[in-house]
Amino acid sequence: MGFALEQQTEKLQEKAVEGRRQKVAVSCWFTSKGKSIPLFLKYEDADGGIQCIRDIQLLKSEEKHFAGIRMRRYDCCAEDEGIMKYFTLLFHVEDGIWEIVAGE
């Protein structure tokens with residue numbers, strides 16, 4: 001017999017974050033109360049160079065379930081060459097992998 005509670009069904013049907021995805025390395029601060037706050041990230045650009053995004057401002061974070069996979073979603077922004085850029089960081093809890101999702 002298979003059934004799910006209404007709340008569990010909603011978790012399994014969470015819509016995936018749309019945009020260009022790329023794996024990144026993230027430096028994250030964990031508070032004494034267990035809250036996680038991304039501080040900066042590094043990624044490899046198209047030329048193979050390592051780029052860094054610093055001074056990340058956390059706008060919102062929440063636990064999500066995408067296709068039944070538990071993730072932590074961080075909506076963030078950071079200034080890049082005088083322009084404020086908005087992006088989403090996804091932390092795959094079980095695998096320990098970070099991804100950045102940026103608009104197309």
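Numerical summary
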quantity: Selection from CYS77, PHE87, PHE66 lying farthest towards where the dipole of segment 14-102 points positive, charges on Cβ; calculated: PHE66
quantity: Sparsely packed trypsin sites (Lys or Arg not before Pro) within segment 34-103, loop by DSSP, other Cβ within 10 Å at most 13; calculated: LYS35, ARG54
quantity: Alpha-carbon spread of segment 14-102, three principal axes, descending order, Å; calculated: 35, 29, 21
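Values in this text are rule-based calculations from the coordinates and carry no lab data. From a predicted model like this one, the values you see are computed outputs, not experimental measurements. Cβ atoms come from the backbone with ideal geometry, glycine included; neighbour counts cover every protein chain shown.
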